[in-house]
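Worksheet for the structure shown next.
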Amino acid sequence: RKAVLVHCGGGKGRAGTGLACFLVKWGLVFDDALLADDTRAAVIPQWTQPQHSGVEVITHLRFVRPGSIETAEQEQFIKDYSNHLWSSVRRNDENDDDDDDAAVEQKQ
């Protein structure tokens, strides 16, 4: 197992913001369940959508590291990033629905 350290001057504001954005997209996924049984090599998941909302991640980080995400601007950045990721998913879902409709029309 390898660890990653994310840090800034105080280790809460900028580092917390960067880590929060990572957790929004990837979640807490790098555990034993993601290790291949035969090679014990890490398997990186290919998520099609974010794993958490900005609010969920901010709440979690503030629970495990009180004082994380120090400013309203940092909090808003995380929420905006989460909204951006989720809006990309919704656009892709809408495009997939359009493709499905077109395929049905072609068959008829």
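The values are calculated or read from the model by the stated rules, or taken from the named source; none is laboratory data. Just so it is clear, the structure is predicted and the values come from calculations on it, not from any experiment. Please note: Cβ atoms are built from the backbone with ideal geometry, for glycine as well, and neighbour counts cover all protein chains shown. Side chains are part of the model used for accessible areas, which takes the heavy atoms of the whole protein and leaves out ligands, DNA and RNA. Shrake-Rupley method; radii C 1.70, N 1.55, O 1.52, S 1.80 Å.
With a simple spin-label model that places each label point 7 Å from the Cα along the Cα-to-Cβ direction, the separation between F63 and S88 comes to 2.7 nm.
The largest accessible area among T17, T59 belongs to the first residue in T59, T17, and the rest follow in falling order (1.4 Å probe, all chains).
Extending 7 Å from Cα along the Cβ direction at C8 and again at T71 yields two label points whose distance is 0.8 nm.
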